[in-house]
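The structure appears right after this line, and notes come after that.
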Amino acid sequence: MDKLVYIVPGLALLAILAYFLFFKGKAPATPVVVAKPSKPEPFPLIKGEPPVAVRKEPKPEPLPKPEEPASPRLGPAPTPPPPPTVPPSPTLPSPSSPEALAAKVSEPRVLVSPPPALVRVELPAPPLRSKRDVAGVRKGLAATRGGFIARLTALFTGRKEIDPNLLEQIEEVLLASDVGVKTTQTLLGRLRDGVARNELTDTTAVWDALRAEASRILSLDGGPLRAPAKPTVVLVVGVNGVGKTTSIGKLATRYHAEGRKVLLAAGDTFRAAAVQQLEVWGKRSGADVVKGKEGADPGAVAFEATTKAKELAADLLFVDTAGRLHTKVPLMDEVKKVSRSIAKAMEGAPHETLLVLDASTGQNALTQASMFRDVVDLTGIILTKLDGTAKGGIVLGICEELKLPVRYIGLGERAEDLREFQVEEFVEALFGRDGGTP
């Protein structure tokens, strides 16, 4: 009985295997039909309700290949970062510590554009004053001191009191020394007022009063040239034989030695020797000379020289002119033409118009100055040959009557003998006392 328990199930298992092997294998093979999933039917719409969108399963399409970014490829999606935590404030190292220096080096450099460069405006160079040389000027005024001043000194010698005769004698000396009538009357009027008020009680007081009046008359903003522009154009005029060309050459030598760039214009086209003389001075001083043909128009030469001075950035241009008699109207009108030609070439020029006067001509020099002033705008006087005349009082007459400042005085033949006019130096050299006497 116990064996039957195992035999019956075994036989059943064999029967099942035989069925599959013999009967199931011989049966016709039926095609296997794979049923496609049917589309879900939409729910029927209920009246009054909006349609319900049915989600359609889209056919999977190949995704477009994304463009590779310029940055390096990224790996798997990173895990979300933890919430930020506020770090404790670090302790700053000392500025001189290695950590601070290293941090300073690693800091990004911020480029700051430099501030705009300042535009440098070239201002006109101030006039260079020479040192006072009273002894040198006194030596040059030896003729004047031996004439004009010596006669005044003789009036005061041995006098203790002031009487009317002294004032009359002073008037005679002043008139004889070419001081001029108007200037003499002005000086005598001041002296008489001082005597009437008992301010001038002795000869020393009278002498000091004369000296003070001379200083007042001569103080007209004289001295060296001004340089208001670059180039500064200086027109030099005067009659024949007063020393215009020589004075220009001496001035060129002076200013070239001071480092100025100087140009000369040979405007005296009527006298061939004048052009040659100016060229000689140009070689001596190192200045270029602009000249025209013999007999050329002086205005054209002045215009060309002014234009060239601008192109060369010269500091000074001296324009020479032909000597002319102040009584000849056509020749004087030509000076106007030259001045107008310079003004056409450069606005505001000529900046200086200097009249050269011969001190030895006395009152005739005063007449010349008056005539030239009516033709051109004179800005100053060059008084030459002052070392060779005993009538140096003309300088007082020019300054008092015409109100023209003296720029330079000629006290010799050398270039350095054309000295700039300084009032204190001139008055001291002229009226100064030697050995206790005037």
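The values are calculated or read from the model by the stated rules, or taken from the named source; none is laboratory data. Predicted model, so just to flag it, every value in this text is computed and none were measured. Heads up, the Cβs are rebuilt from the backbone with ideal geometry, glycines too, and the neighbour counts pull from every protein chain shown. The accessibility values were calculated without ligands, DNA or RNA, using every heavy atom of the protein model including side chains. Shrake-Rupley method; radii C 1.70, N 1.55, O 1.52, S 1.80 Å.
All conditions but one from (1) part of a loop (DSSP other than H, G, I, E, B); (2) open to solvent by 20 Å² or more (accessible area, probe 1.4 Å) apply to GLU401; the one that does not is (1).
State yes or no: is VAL242 open to solvent by less than 40 Å² (accessible area, probe 1.4 Å), assigned to a strand (DSSP E or B) and either among the hydrophobic types (A, V, I, L, M, F, W, C) or under 21 Å from GLN276 (Cβ atoms) (or both)? Spelling it out, it is not the case that VAL242 is open to solvent by less than 40 Å² (accessible area, probe 1.4 Å), assigned to a strand (DSSP E or B) and either among the hydrophobic types (A, V, I, L, M, F, W, C) or under 21 Å from GLN276 (Cβ atoms) (or both). Which residue is farthest from THR153 (Cα to Cα), if the candidates are limited to the stretch 197-214 and must be open to solvent by 80 Å² or more (accessible area, probe 1.4 Å) and not hydroxyl-bearing (Ser, Thr, Tyr)? Checking each candidate, the answer is ARG197. Put simply, of PHE148, PHE156 the only residue that is of a type outside the set (Val, Ile, Thr), touching a helix residue (DSSP H, G or I) at 6+ places or on another chain (Cβ under 8 Å), open to solvent by less than 40 Å² (accessible area, probe 1.4 Å) and farther than 18 Å from ILE217 by Cα is PHE156. Taking the criterion of being open to solvent by less than 50 Å² (accessible area, probe 1.4 Å) and either under 18 Å from SER341 (Cβ atoms) or β-branched (Val, Ile, Thr) (or both), the residues of the stretch 245-273 that qualify are THR245, THR246, ILE248, THR253, VAL262, LEU263, LEU264, ALA265, ALA266, GLY267, ASP268, THR269.
Is there a residue being surrounded by fewer than 18 Cβ atoms within 10 Å (Cβ to Cβ), within 18 Å of SER247 (Cα to Cα) and at pLDDT below 95 anywhere in the stretch 388-395? Yes, the stretch 388-395 has at least one match.
Within the stretch 185-205, residues that are assigned to a helix (DSSP H, G or I) have Cβ atoms under 6 Å from residues that are open to solvent by 30 Å² or more (accessible area, probe 1.4 Å) in these pairs: LEU188/GLU171; VAL195/ILE162; THR203/ARG159, counting only partners at least 6 apart in sequence or on another chain.
A quick yes/no check of all residues on (1) in contact with a Pro (Cβ under 6 Å, 6 or more places away or on another chain); (2) assigned to a helix (DSSP H, G or I); (3) of a type in the set (A, V, I, L, M, F, W, C):
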residue: LEU155; (1), (2), (3): no, yes, yes
residue: ARG159; (1), (2), (3): no, no, no
residue: ASN165; (1), (2), (3): no, yes, no
residue: GLU172; (1), (2), (3): no, yes, no
residue: VAL179; (1), (2), (3): no, no, yes
residue: LYS182; (1), (2), (3): no, yes, no
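With a requirement of 3 or more residues that are in contact (Cβ under 8 Å) with a residue 24 or more places away in the chain and not acidic (Asp, Glu), the strands (runs of 3 or more DSSP E) lying completely within the stretch 273-364 that satisfy it span 316-319, 352-358.
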